[in-house]
1. So what is the relative contact order for the stretch 1-63, in percent, with contacts set as C-alpha pairs under 8 Å and at least six apart?
2. Only Cα pairs under 8 Å and at least 6 apart count here; give the relative contact order of the chain as a rounded whole percent.
3. Going down the list LYS30/LYS95; LYS7/LYS90; LYS13/LYS82; LYS87/LYS118, which pairs span over 24 Å between their C-alpha atoms?
4. Can you compute the helix-only [θ] at 222 nm over the chain? Use -39500 (n - 2.57) per DSSP H run of at least 4 residues, normalise by all residues, nearest 500 deg cm²/dmol.
Amino acid sequence: MVLTLKKLEKAIKNSLGRDTCYYKFIWDDKTQVESAGHCRVVALIVNDYFGGEIFFAHVVGNSNYTHYWNKLSNGKEVDFTKDQFSKDVKLTVPKIILRKQVLDNIRIKKTYPILKKKVANFIKEN
């Protein structure tokens, strides 16, 4: 089976949960989309399967909020969690962040292995 971006996105979307969310209060807020609070771990999963670079940027007007997504080696940008933002939200100029830097976070160290396993199981079973 060839894994496509579309299949990976489906696997990720079906694997998101409170246990994989960066901030549990975001998951508990039912006004938020399910991808909210998942950009870091999702960027790592996309990187696992398709390589490339991980980008991050701050939300303009609120430097406490950051966003992570991917740029594949073919130049295509992949952002499976952009739906957590309204269309009028602007981001600062993106910077490349090393995978090691994304993983160097206590919450990500907990949530990433959980999401990685759930995605792998979904792919295997579907």
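A short reminder: the numbers here are calculations on the coordinates, not readings from a lab. Here the structure is a predicted model, which is why all the values come from computation and not from measurement.
1. Over the stretch 1-63, the number comes to 23 percent.
2. With pairs under 8 Å counted, the relative contact order is 30 percent.
3. Correct reply: LYS30/LYS95; LYS7/LYS90; LYS87/LYS118.
4. After summing the helix terms and dividing by residue count, I get -12000 deg cm²/dmol.
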